[in-house]
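Q: Mind having a look at this structure? Questions to follow.
The numbers here are math on the coordinates, done by the rules we state, and not lab data. Because the structure is a prediction, the values reported are computed rather than measured. Here Cβ is always computed from backbone atoms with ideal geometry, including for glycine, and neighbour counts include all displayed protein chains.
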Amino acid sequence: SLVPEKIPARLLEYRDRFDHHLLVVVSGSQREAAAQLLEEFFAGPEHEGEFFECDADEAKSATLIRFGVASAASRYYVMHRAEASAMVTFDVALRRDDEDWLEVLPPQIADQLLESVYFGHFFCHVLHQDHVAKKGVDPVALKKEMTALLEDRGAAVPAEHNYGRIYPAPEPMVEHFQQLDPLNMFNAGVGETSPRKRWA
């Protein structure tokens, strides 16, 4: 290649070898303990995978890639507009005891998608899902179908970015909004509530 590779070799190697990646940042005083914990964890036959401690260049690149992932699906959508209808996105909080982080979508949903990107917050069971719907797919109907699947699993949608105009707020949240703003003047219509004065 005429242009030198910017991503460090070990990151490329792990990209090719593993489907999932976890970045762990520890303070200097915890480096040895973290390395020992990971060595013991991956020594067990029931745990597939490996780890390495990044040097400064690898750490910088890994952090930049992590933030790049957040825009990957939207960039894919922009570059494939001829084949795509819309982005269907979620912020999902899985049950705290849910071990099945990687959903397998039923064919009738998977067949409506071009690509999906999942990324999350370790230990808090929050996943961001960015899906690119195929041309001709109704993204509103698809989102409702996918939301029902998630809620059937006991997941909370949305997880952390509040209700906005997209998600229906649960009744206790609506009551809270009504107590805070009895005239419904400040954020009318949030959580699919009434946009009218005094919640009429």
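Q: Using alpha-carbon pairs under 8 Å, 6+ residues apart, how would you state the relative contact order of region 1-128 in percent? Show your work: numbers first, answer last.
A: Values: 55 pairs, mean separation 27.8, N = 128.
Once normalised by length, the contact order is 22 percent.
Q: Fewest to most neighbouring Cβ within 10 Å: what's the order for Ser61, Ser71?
A: Ordered by Cβ neighbours within 10 Å, fewest first: Ser71, Ser61.
Q: For region 129-193, state which GluC sites (Glu not before Pro) are in a DSSP loop and have at most 15 other beta carbons lying within 10 Å of their beta carbon. All intermediate terms of the calculation are to be shown ahead of the outcome.
A: Numbers: sites: Glu145, Glu151, Glu160, Glu175, Glu192; in loops: Glu160.
Answer in residue order: Glu160.
Q: Compute the angle between helix 139-152 and the longest alpha-carbon principal axis of the chain, please, reported from 0 to 90 degrees and rounded to the nearest 10.
A: 70 degrees
Q: Here is a further query. Within 10 Å of each candidate Cβ there may be at most 10 other Cβ atoms; applying that plus a DSSP loop requirement, which chymotrypsin sites (Phe, Trp or Tyr not before Pro) in region 139-199 survive?
A: Here the sparse-neighbourhood loop sites are Phe186.
Q: As I understand it, the value is the acute angle between the Cα axis of helix 31-43 and the longest principal axis of the Cα atoms of the chain; what does it come to in degrees, rounded to 10?
A: 90 degrees
Q: Quick query: amide H of Ala159 versus all other amide H atoms, modeled in the peptide plane; which residues come in under 5 Å with a sequence gap of 5 or more or a different chain?
A: Counting only residues 5 or more places away or on other chains, the set is Asp91, Val92, Ala93.
Q: If you build a Gaussian network model of the chain, linking Cα atoms that sit under 10 Å apart, which residue out of Arg75, Arg17, Arg95 swings the most?
A: Arg17
Q: Fewest to most neighbouring Cβ within 10 Å: what's the order for His131, His80, His125?
A: Going from least to most buried by this count: His80, His125, His131.
Q: Hand me the tally of lysine pairs in the chain: alpha carbons under 26 angstrom apart, and the pair either on different chains or 8 or more positions apart.
A: Number of lysine pairs found: 5.
Q: Which option, (i) 16.4, 48; (ii) 16.1, 51; (iii) 21.1, 65, is the value of Rg and Dmax of the Cα atoms in Å that was calculated from these coordinates?
A: It is the value labelled (iii).
Q: Mind pulling the angle between the C-alpha long axis of helix 56-79 and the longest principal axis of the chain? Nearest 10 degrees, somewhere in 0 to 90.
A: 40 degrees
Q: If you rank Val190, Val92 by fewest surrounding Cβ atoms within 10 Å, what's the result?
A: Val190, Val92
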